[in-house]
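Student: Shown below is the structure under consideration.
The values are calculated or read from the model by the stated rules, or taken from the named source; none is laboratory data. Remember, predicted model here, so these are calculated numbers, not experimental data. Methodologically, a virtual Cβ is constructed for each residue, glycine included, from the backbone with ideal geometry; neighbour enumeration extends over all protein chains shown.
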Amino acid sequence: MKMMLAARYLGADRLEAEEIPLPVIGDEEALIQVDACGFCGSDISIIAGTHPRARAPLTVGHELCGRIVQMKSSSGSLRPGDRVTTYPLISCGDCHACTHGNPHVCRQLQLFGFDADGGMAEFVKLPVSSLMRLPEEMPGTIGALIEPLAVAVHGVSRTSLEDVQVAAVMGGGPIGLLTALVARSRGVPHVVISDILPSRLELARSLGLRAVSAGADLKNLVMELSHGDGADVLFECAGSASSAREMTSLVRSRGVIVNLGVFKKPVEIDMQAINFKEIEVLGSRVYERKDFQIAIDLAMQLPLEKIVTHSFSLRDVATAFSQFKRGKDCKVLILPGEHES
């Protein structure tokens, strides 16, 4: 039996590089040799054993890119040798969201890397229908960022940017940085991003973004740029109680708040401000397939290489996860077969 190395969640606080059998593909499936796979914040809850759906043993990872090495499919659009990423959502097809064109908010939404083996491995088996072709010239480290970039594309697309002069982004992690870059690429004149960590602010500035500390510094700058009115649109990417309390004070009357951050529990929000200022609050969950294609087309135009702060070999996955968990870095990638950098 052929074996391969994979990053396996084996129980609470146990993530190990383990030899497992090479997947055997069936009809309409493909075997992908993985070039790169990134950690996501959701992986923290999976490996802590607190995610409500993930069950050990499980190969983690849903932010990946690689190359098709084998496939069984009647589709003529892809073939072995193509470089691809995966649209990792698994929708039921039967609920109201699915039958009304919104399978990304399926009532029973599942994902590869959560509910089925993911791609932090030397090889991964995936449905051909989930694969999206990448440009041959796109580096693997950029290909592994398509999934989080699609999150940002979807979040920014949740509201019109027509006549938007000032956009504020709360949270300077990967999703916040990508959201700010996407908003800037859409022509917003003033994009401001905030965080509490100096290292994240420094990274944001290296990307050419205007970055300030969360709290008073953010509010002062937003009010200065908007002549006291507040931001036209605010993207909440921190998922923290403090940002939820503060966000309504940063938005102008009839402004828009888009929530991309994932809150782990209910938080306090100033509903009176939403009422009095007629603020529109929009949720944003993952992405639609069209967002993936937009992300693929946009990726090479953005300085994404700076967002990858560390990369590790698959055998060093436990060390890589410890580095990622500290929360001081941006994107930590696993490059199967390569050494730590």
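Student: Restricting to the stretch 154-184, what's the tally of residues that are exposed (fewer than 15 other Cβ atoms within 10 Å of the Cβ) and of a type in the set (Gly, Ala, Ser)?
Tutor: The number of residues fulfilling the criteria is 1.
Student: State whether the residues of the stretch 96-112 include one that is in a loop (DSSP other than H, G, I, E, B), surrounded by 14 or more Cβ atoms within 10 Å (Cβ to Cβ) and either of a type in the set (Asp, Glu) or touching a Lys or Arg at 6+ places or on another chain (Cβ under 6 Å) (or both).
Tutor: Looking through the stretch 96-112, none of the residues is in a loop (DSSP other than H, G, I, E, B), surrounded by 14 or more Cβ atoms within 10 Å (Cβ to Cβ) and either of a type in the set (Asp, Glu) or touching a Lys or Arg at 6+ places or on another chain (Cβ under 6 Å) (or both).
Student: Among the residues of the stretch 271-318, how many are in a helix (DSSP H, G or I), closer than 19 Å to HIS104 by Cβ and of a type in the set (Gly, Ala, Ser)?
Tutor: Residues flagged as in a helix (DSSP H, G or I), closer than 19 Å to HIS104 by Cβ and of a type in the set (Gly, Ala, Ser) within the stretch 271-318 amount to 1.
Student: Out of everything in the stretch 32-43 that is of a type outside the set (Asp, Glu) and crowded, with 20+ Cβ neighbours inside 10 Å, what residue ends up being modelled with the lowest pLDDT? Steps first, answer last, please.
Tutor: The first filter runs over the stretch 32-43 and keeps only residues of a type outside the set (Asp, Glu), leaving 32-34, 36-42.
Add one more test, that the residue is crowded, with 20+ Cβ neighbours inside 10 Å, and what stays is 32, 34, 36-40.
Details: ILE32: 98, VAL34: 98, ALA36: 97, CYS37: 98, GLY38: 96, PHE39: 96, CYS40: 93.
Taking the candidates together, the pick is CYS40.
Student: Shifting gears a bit: Take the stretch 186-203 and flag every residue that is in contact with a strand residue (DSSP E or B) (Cβ under 6 Å, 6 or more places away or on another chain) and within 20 Å of LEU298 (Cβ to Cβ).
Tutor: Listed by number, the residues that qualify are VAL188, VAL191, ILE193.
Student: Identify, from the list TYR9, TYR87, the residue that is surrounded by 15 or more Cβ atoms within 10 Å (Cβ to Cβ), of a type in the set (Phe, Trp, Tyr), within 20 Å of LEU314 (Cβ to Cβ) and in contact with a helix residue (DSSP H, G or I) (Cβ under 7 Å, 6 or more places away or on another chain).
Tutor: On the way: TYR87 fails: within 20 Å of LEU314 (Cβ to Cβ).
Going through TYR9, TYR87 in turn, just one is surrounded by 15 or more Cβ atoms within 10 Å (Cβ to Cβ), of a type in the set (Phe, Trp, Tyr), within 20 Å of LEU314 (Cβ to Cβ) and in contact with a helix residue (DSSP H, G or I) (Cβ under 7 Å, 6 or more places away or on another chain): TYR9.
Student: Using the structure shown, decide if THR141 is outside any strand (DSSP E or B), hydroxyl-bearing (Ser, Thr, Tyr) and touching a helix residue (DSSP H, G or I) at 6+ places or on another chain (Cβ under 7 Å). Even if it seems obvious, please write down each step before you answer.
Tutor: Working: outside any strand (DSSP E or B): yes; hydroxyl-bearing (Ser, Thr, Tyr): yes; touching a helix residue (DSSP H, G or I) at 6+ places or on another chain (Cβ under 7 Å): yes.
In short, yes.
Student: Find the residue count for the stretch 185-203, including only residues that are surrounded by fewer than 21 Cβ atoms within 10 Å (Cβ to Cβ), in a strand (DSSP E or B) and charged (D, E, K, R).
Tutor: Result for the stretch 185-203: 0.
Student: Restricting the first residue to the stretch 181-199 and requiring it to be of a type in the set (Asp, Glu), which pairs with a second residue that is crowded, with 24+ Cβ neighbours inside 10 Å meet a Cβ separation below 6 Å and a spacing of at least six or different chains?
Tutor: Close Cβ pairs satisfying both conditions: ASP195/GLY172.
Student: Hey, any hits in the stretch 248-263 for a residue that's in a strand (DSSP E or B), within 30 Å of ARG133 (Cβ to Cβ) and modelled with pLDDT of 95 or more?
Tutor: Going residue by residue through the stretch 248-263, those that are in a strand (DSSP E or B) are 251-259.
Add one more test, that the residue is within 30 Å of ARG133 (Cβ to Cβ), and what stays is 258.
So of that shortlist, the ones also modelled with pLDDT of 95 or more come out as 258.
Yes, the stretch 248-263 contains at least one residue that is in a strand (DSSP E or B), within 30 Å of ARG133 (Cβ to Cβ) and modelled with pLDDT of 95 or more.
Student: Looking only at the stretch 245-272, how many residues end up being over 20 Å from the mean Cα position of the chain (by Cα), over 21 Å from GLY187 (Cβ atoms) and of a type in the set (Gly, Ala, Ser)?
Tutor: 2
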